[in-house]
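Data block below; observations after.
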Amino acid sequence: MAQFFYKSIIFFFFSLLIMHTLALDVKKPCKRFVVHFHDILYDGTNAANATSAASANATNLGNFNYGKLVVFNDPVTKDQHLLSPPVARAQGFYFYNMKAEFNAWFAYTLIFNSTEHKGTINIMGADLIAEKTRDFSVVGGTGDFFMTRGIVTIRGEAIQGFAYFRLEMDVKLYECY
(Lines give C-alpha, C1' and ligand atoms only; values in the text may rest on other atoms or scores of the structure.)
Protein backbone atom coordinates (compact mmCIF):
# COMPACT_ATOMS: atom_id res chain seq x y z
CA MET A 1 0.00 0.00 0.00
CA ALA A 2 2.79 2.44 0.91
CA GLN A 3 4.59 1.68 -2.38
CA PHE A 4 1.43 2.55 -4.34
CA PHE A 5 1.15 5.80 -2.36
CA TYR A 6 4.76 6.81 -3.16
CA LYS A 7 4.31 5.97 -6.86
CA SER A 8 1.16 8.08 -6.93
CA ILE A 9 2.96 11.04 -5.33
CA ILE A 10 5.86 10.75 -7.76
CA PHE A 11 3.44 10.55 -10.71
CA PHE A 12 1.53 13.58 -9.39
CA PHE A 13 4.66 15.74 -9.03
CA PHE A 14 6.00 14.59 -12.40
CA SER A 15 2.66 15.57 -13.99
CA LEU A 16 2.80 18.99 -12.31
CA LEU A 17 6.33 19.50 -13.62
CA ILE A 18 5.26 18.68 -17.18
CA MET A 19 2.19 20.94 -17.00
CA HIS A 20 4.31 23.78 -15.62
CA THR A 21 6.84 23.36 -18.43
CA LEU A 22 4.08 23.37 -21.05
CA ALA A 23 2.49 26.46 -19.52
CA LEU A 24 5.80 28.34 -19.85
CA ASP A 25 6.17 27.38 -23.53
CA VAL A 26 4.95 30.63 -25.08
CA LYS A 27 4.59 30.25 -28.82
CA LYS A 28 6.24 32.74 -31.10
CA PRO A 29 4.47 33.65 -34.34
CA CYS A 30 5.66 31.84 -37.47
CA LYS A 31 4.82 34.98 -39.49
CA ARG A 32 4.32 38.56 -38.34
CA PHE A 33 3.73 41.82 -40.19
CA VAL A 34 2.14 45.22 -39.63
CA VAL A 35 -0.21 46.81 -42.16
CA HIS A 36 -2.63 49.75 -42.15
CA PHE A 37 -6.35 49.52 -42.93
CA HIS A 38 -7.96 52.67 -44.46
CA ASP A 39 -11.76 53.15 -44.50
CA ILE A 40 -13.57 56.03 -46.23
CA LEU A 41 -17.33 55.90 -45.58
CA TYR A 42 -19.66 57.04 -48.36
CA ASP A 43 -21.48 60.19 -47.21
CA GLY A 44 -23.56 60.97 -50.31
CA THR A 45 -20.96 63.29 -51.85
CA ASN A 46 -17.75 61.23 -52.09
CA ALA A 47 -18.65 58.38 -54.45
CA ALA A 48 -15.30 58.55 -56.27
CA ASN A 49 -13.23 58.11 -53.08
CA ALA A 50 -15.47 56.04 -50.81
CA THR A 51 -14.33 52.52 -49.94
CA SER A 52 -17.30 51.62 -47.74
CA ALA A 53 -21.03 52.25 -47.53
CA ALA A 54 -23.75 51.75 -44.95
CA SER A 55 -26.10 49.07 -46.22
CA ALA A 56 -28.40 49.24 -43.18
CA ASN A 57 -28.98 52.45 -41.28
CA ALA A 58 -28.72 52.81 -37.54
CA THR A 59 -31.84 52.30 -35.46
CA ASN A 60 -33.22 54.87 -33.02
CA LEU A 61 -32.10 52.74 -30.08
CA GLY A 62 -29.46 54.88 -28.41
CA ASN A 63 -26.99 57.37 -29.84
CA PHE A 64 -24.25 54.95 -30.87
CA ASN A 65 -25.29 53.80 -34.38
CA TYR A 66 -26.80 50.59 -33.00
CA GLY A 67 -27.75 48.33 -35.89
CA LYS A 68 -25.80 50.20 -38.60
CA LEU A 69 -24.18 47.77 -41.05
CA VAL A 70 -21.24 48.89 -43.21
CA VAL A 71 -19.83 46.92 -46.14
CA PHE A 72 -16.28 47.73 -47.23
CA ASN A 73 -13.57 47.10 -49.81
CA ASP A 74 -10.70 49.01 -48.21
CA PRO A 75 -7.06 49.44 -49.21
CA VAL A 76 -4.41 48.01 -46.88
CA THR A 77 -0.95 49.59 -47.03
CA LYS A 78 2.47 48.92 -45.49
CA ASP A 79 2.69 52.46 -44.17
CA GLN A 80 0.20 54.98 -42.80
CA HIS A 81 -0.34 56.84 -46.07
CA LEU A 82 -3.69 56.32 -47.77
CA LEU A 83 -2.21 56.90 -51.22
CA SER A 84 0.62 54.38 -50.83
CA PRO A 85 0.39 51.33 -53.08
CA PRO A 86 -1.93 48.79 -51.43
CA VAL A 87 -0.41 45.44 -50.40
CA ALA A 88 -3.88 43.94 -49.91
CA ARG A 89 -7.60 44.72 -49.89
CA ALA A 90 -9.82 44.26 -46.85
CA GLN A 91 -13.26 43.09 -47.97
CA GLY A 92 -16.06 42.48 -45.48
CA PHE A 93 -18.41 44.23 -43.11
CA TYR A 94 -18.84 45.63 -39.63
CA PHE A 95 -21.89 46.53 -37.63
CA TYR A 96 -22.43 48.56 -34.49
CA ASN A 97 -23.73 46.26 -31.80
CA MET A 98 -24.18 48.23 -28.57
CA LYS A 99 -26.76 50.80 -27.52
CA ALA A 100 -24.79 52.28 -24.61
CA GLU A 101 -21.37 52.92 -26.25
CA PHE A 102 -19.57 52.65 -29.58
CA ASN A 103 -18.67 49.03 -30.28
CA ALA A 104 -18.60 47.14 -33.54
CA TRP A 105 -18.15 43.58 -34.78
CA PHE A 106 -15.93 42.97 -37.82
CA ALA A 107 -15.70 40.08 -40.28
CA TYR A 108 -13.43 40.49 -43.29
CA THR A 109 -10.87 38.93 -45.58
CA LEU A 110 -7.46 40.38 -46.38
CA ILE A 111 -6.86 39.62 -50.05
CA PHE A 112 -3.23 39.59 -51.16
CA ASN A 113 -2.33 39.52 -54.86
CA SER A 114 1.26 40.63 -55.32
CA THR A 115 4.68 39.18 -55.99
CA GLU A 116 5.29 39.07 -52.22
CA HIS A 117 2.06 37.26 -51.19
CA LYS A 118 -0.88 35.57 -52.85
CA GLY A 119 -3.86 34.35 -50.87
CA THR A 120 -6.29 35.42 -48.20
CA ILE A 121 -6.49 35.78 -44.42
CA ASN A 122 -9.93 35.59 -42.78
CA ILE A 123 -10.39 37.79 -39.71
CA MET A 124 -13.24 38.41 -37.28
CA GLY A 125 -13.82 39.88 -33.87
CA ALA A 126 -15.31 42.47 -31.56
CA ASP A 127 -14.00 46.01 -31.86
CA LEU A 128 -14.28 47.53 -28.40
CA ILE A 129 -13.65 51.00 -29.77
CA ALA A 130 -12.90 52.66 -26.41
CA GLU A 131 -9.95 50.31 -25.81
CA LYS A 132 -6.47 51.36 -26.97
CA THR A 133 -5.83 47.98 -28.64
CA ARG A 134 -8.17 45.14 -29.56
CA ASP A 135 -7.55 41.58 -30.73
CA PHE A 136 -9.35 39.94 -33.64
CA SER A 137 -9.10 36.23 -34.43
CA VAL A 138 -7.47 34.91 -37.59
CA VAL A 139 -9.74 32.01 -38.46
CA GLY A 140 -8.24 30.71 -41.70
CA GLY A 141 -6.70 31.53 -45.00
CA THR A 142 -5.78 30.39 -48.50
CA GLY A 143 -2.73 30.45 -50.77
CA ASP A 144 0.40 31.57 -48.91
CA PHE A 145 -1.73 31.65 -45.75
CA PHE A 146 -3.34 28.21 -46.15
CA MET A 147 -5.31 27.22 -43.01
CA THR A 148 -3.54 29.83 -40.89
CA ARG A 149 -4.56 30.77 -37.36
CA GLY A 150 -3.53 33.71 -35.25
CA ILE A 151 -4.32 37.10 -33.76
CA VAL A 152 -4.59 40.56 -35.28
CA THR A 153 -4.06 43.35 -32.77
CA ILE A 154 -5.67 46.53 -34.04
CA ARG A 155 -5.08 50.06 -32.88
CA GLY A 156 -6.91 53.17 -34.04
CA GLU A 157 -4.38 55.51 -35.63
CA ALA A 158 -6.57 58.18 -37.21
CA ILE A 159 -10.28 58.75 -36.74
CA GLN A 160 -12.06 61.61 -38.52
CA GLY A 161 -15.62 61.27 -37.29
CA PHE A 162 -17.48 58.70 -39.36
CA ALA A 163 -15.90 59.83 -42.65
CA TYR A 164 -12.47 58.18 -42.35
CA PHE A 165 -10.54 55.93 -40.02
CA ARG A 166 -7.20 54.15 -40.19
CA LEU A 167 -6.32 51.09 -38.14
CA GLU A 168 -2.88 49.66 -37.55
CA MET A 169 -3.09 45.86 -37.82
CA ASP A 170 -0.33 43.84 -36.15
CA VAL A 171 -0.84 40.41 -37.73
CA LYS A 172 0.63 37.47 -35.81
CA LEU A 173 0.18 34.04 -37.39
CA TYR A 174 0.80 30.94 -35.24
CA GLU A 175 -0.05 28.18 -37.72
CA CYS A 176 1.77 28.45 -41.04
CA TYR A 177 1.80 25.67 -43.61
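Quickly run through region 109-125 and pick out the residues that are open to solvent by 70 Å² or more (accessible area, probe 1.4 Å) and touching a Phe, Trp or Tyr at 6+ places or on another chain (Cβ under 8 Å).
Of the residues in region 109-125, the ones open to solvent by 70 Å² or more (accessible area, probe 1.4 Å) are 113, 115-116, 118, 124.
Once the filter is applied, which keeps residues that are open to solvent by 70 Å² or more (accessible area, probe 1.4 Å) and touching a Phe, Trp or Tyr at 6+ places or on another chain (Cβ under 8 Å), region 109-125 yields Lys118, Met124.
So if I check each of Phe106, Phe136, Phe146, which one is in contact with a Phe, Trp or Tyr (Cβ under 7 Å, 6 or more places away or on another chain) and surrounded by fewer than 15 Cβ atoms within 10 Å (Cβ to Cβ)?
Unique residue meeting the criteria: Phe146.
Screening region 27-85 for strands (runs of 3 or more DSSP E) wholly inside it with 2 or more residues that are aromatic (Phe, Trp, Tyr) and at pLDDT 90 or above returns the ranges 31-40.
Looking for something among the small types (Gly, Ala, Ser) and either touching a residue at least 60 places away in the same chain (Cβ under 8 Å) or part of a loop (DSSP other than H, G, I, E, B) (or both) - is there at least one such residue anywhere in region 135-142?
Initially, region 135-142 is screened for residues among the small types (Gly, Ala, Ser), giving 137, 140-141.
After this cut, where a residue has to be either touching a residue at least 60 places away in the same chain (Cβ under 8 Å) or part of a loop (DSSP other than H, G, I, E, B) (or both) as well, the list is none.
No, that holds for no residue.
Could you tell me which residue of region 150-167 is farthest from Asn49 (Cα to Cα), considering only residues that are touching a Ser or Thr at 6+ places or on another chain (Cβ under 8 Å) and open to solvent by 40 Å² or more (accessible area, probe 1.4 Å)? Of everything passing the filter in region 150-167, Ile151 is farthest from Asn49 (Cα to Cα).
Name the residue, out of Asn97, Asn103, that is at pLDDT below 95, within 19 Å of Glu157 (Cβ to Cβ) and not hydrophobic (A, V, I, L, M, F, W, C).
On the way: Asn97 fails: within 19 Å of Glu157 (Cβ to Cβ).
Going through Asn97, Asn103 in turn, just one is at pLDDT below 95, within 19 Å of Glu157 (Cβ to Cβ) and not hydrophobic (A, V, I, L, M, F, W, C): Asn103.
Being of a type outside the set (Val, Ile, Thr) and open to solvent by 70 Å² or more (accessible area, probe 1.4 Å) is a property that Ala100 has. Within region 100-109, the set of residues being in contact (Cβ under 8 Å) with a residue 24 or more places away in the chain and under 10 Å from the mean Cα position of the chain (by Cα) comprises Phe106, Tyr108. Do we have Ile159 as at pLDDT below 95, out of contact with any Leu (no Cβ under 6 Å at 6 or more places or on another chain), in a loop (DSSP other than H, G, I, E, B) and over 13 Å from Val35 (Cβ atoms) here? So Ile159 fails the test.
The values are calculated or read from the model by the stated rules, or taken from the named source; none is laboratory data. In this text the structure is predicted, and so the values were computed from the model without any measurement. Heads up, the Cβs are rebuilt from the backbone with ideal geometry, glycines too, and the neighbour counts pull from every protein chain shown. Ligands, DNA and RNA are excluded from the accessible area calculation, which covers all protein heavy atoms including side chains. Shrake-Rupley method; radii C 1.70, N 1.55, O 1.52, S 1.80 Å.
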